[in-house]
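Engineer: Below are the structure tokens for one structure; questions will follow.
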């Protein structure tokens, strides 16, 4: 079972009040049904979601619902649950703000002003059109898929009203509202009261963040080592230049000592070089002191080249 499926099943375990049930049903019937003149048909693959919708419809509207169970044999055998509603269709569609006077209407933010209603509506939207990548196998990604741009923009604005930033992407003939922020996806799972899924998501997130931090530190260490080696090789060339042009005696004893140790340890960083000199000689020096001596060497070479017009 996928992470999305487990999350959806956990959402169905949380019971709602009557107002929240209406909001959730409004999203499910708007986005995941086939509406004809004589019936409303919902086709579902998850038994727990089918049971939730069935019980909500019975409780809110007091109707009889026909249930058809079919075995689908494409790739693997699985059961499909079909709910058929033929009673009180006009009342259902109008009270859930889907139809008005026989015509389908756009979803309106004014229908769901309270945050609890918005959350319930988003739950229904997620149960019918949503999915979340398993954080252990790929990047962080939550999406809702719609057949119209109007529906996508409505959900995007509803998410924004709850402080979630999302984007819309057209994929073939459909529109996808998606979020890639791990923190926001975590907050949405928490908002849906799916605590077990939240713990799983956060455990993976902490592990991945720690792993990424270790990788970044390793990359920084490698980059610093490469920089130290490159700097050391260039300084060896400068030391050779001083020797070839008899310039070493123009430097003070401490500078010559630092250059001598650089010659011995060309791959060491300034900090490592300072520690070696401090341990092996009476000259106590730090990283900034090492840098100071190399600046003196550089200035001497530049002065010499300027005078000789090299």
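Bear in mind these aren't lab numbers, they're just calculated from the coordinates by the rules spelled out. This structure is a prediction, so every number in the text was calculated from the model and none was measured. Every residue, glycine as well, gets a Cβ built from its backbone with ideal geometry; the counts of neighbours run over all protein chains shown.
Engineer: Run lengths n ≥ 4 of DSSP H only: what is the helix-derived mean residue ellipticity at 222 nm for the chain, with -39500 (n - 2.57) per run over all residues, to the nearest 500?
Structural biologist: Working: 11 runs with 179 residues, N = 310.
That comes out to -19000 deg cm²/dmol.
Engineer: Something else about it: Could you tell me which label, among (1) 22.0; (2) 21.2; (3) 25.0, carries the value of Kirkwood radius over Cα pairs in Å calculated for this structure?
Structural biologist: The value matching this structure is (3).
Engineer: Express the relative contact order of the chain as a whole percentage, based on alpha carbon pairs under 8 Å and six or more residues apart in sequence. Before the final figure, lay out the partial values.
Structural biologist: Working: 357 pairs, mean separation 41.4, N = 310.
That works out to 13 percent.
Engineer: Also, quick follow-up: Between residue 141 and residue 275, what is the label-to-label distance in nm when each label sits 7 Å out along the Cα-to-Cβ direction?
Structural biologist: 4.4 nm
Engineer: At a Förster distance of 45 Å, what's the computed FRET efficiency of residue 105 paired with residue 213, Cβ-Cβ distance as r, to 0.05? It would help to have the intermediate numbers written out before the result.
Structural biologist: Values: r = 50 Å, r/R0 = 1.11.
Efficiency, from the Cβ-Cβ distance: 0.35.
Engineer: Taking springs between alpha-carbon atoms closer than 10 angstrom, which of 183, 237, 165 fluctuates most in the Gaussian network model of the chain?
Structural biologist: 237
Engineer: Considering Cα pairs under 8 angstrom that are at least six residues apart, work out the relative contact order of the range 210-308 and quote it in whole percent.
Structural biologist: 27 percent
Engineer: Starting with the fewest neighbours, write out 254, 196 ranked by other beta-carbon atoms found within 10 Å of each beta-carbon.
Structural biologist: Taking fewest neighbouring Cβ atoms as first place, the list is 196, 254.
Engineer: Treat the count of other C-beta atoms within 10 Å as a stand-in for reagent exposure and order 250, 198, 18, 93 from fewest to most. Don't jump to the answer; show the numbers that get you there.
Structural biologist: Numbers: 250 14, 198 19, 18 10, 93 22.
In order of increasing Cβ crowding within 10 Å: 18, 250, 198, 93.
Engineer: Let me ask another. Using r as the Cβ-Cβ distance of residue 47 and residue 223, and R0 as 41 Å, what FRET efficiency do you calculate, to the nearest 0.05?
Structural biologist: Once the sixth-power term is evaluated, E becomes 0.15.
Engineer: Let me ask something additional. Determine the gain in length on full extension of the stretch residue 6-residue 148; use 0.36 nm per residue of separation and subtract their C-alpha separation, reporting nm with one decimal.
Structural biologist: Length gained, residue 6 through residue 148: 48.4 nm.
Engineer: Roughly speaking, what is the stretch gain from residue 167 to residue 91, that is 0.36 nm per residue apart minus the C-alpha to C-alpha distance, in nm to one decimal?
Structural biologist: Values: separation 76, 0.36 × 76 = 27.36 nm, distance 3.41 nm.
Value of the extension gain: 24.0 nm.
Engineer: Could you put 144, 154 in order, starting from the residue whose Cβ has the fewest other Cβ atoms within 10 Å?
Structural biologist: In order of increasing Cβ crowding within 10 Å: 154, 144.
Engineer: Moving on to the next point. Once you have the Cα-Cα distance between residue 116 and residue 195, take 0.36 nm times their residue separation minus that, and quote the gain in nm to one decimal.
Structural biologist: Answer, rounded to one decimal: 26.7 nm.
Engineer: May I ask you to derive the relative contact order of the range 1-66, considering only C-alpha pairs under 8 Å and at least 6 residues apart, and to give it as an integer percent?
Structural biologist: Numbers: 29 pairs, mean separation 21.0, N = 66.
Computed value for the range 1-66: 32 percent relative contact order.
Engineer: Which one, 286, 102, 124, has the greatest fluctuation when you compute a Gaussian network model over the chain with C-alpha springs under 10 angstrom?
Structural biologist: So, out of 286, 102, 124, the one fluctuating most is 286.
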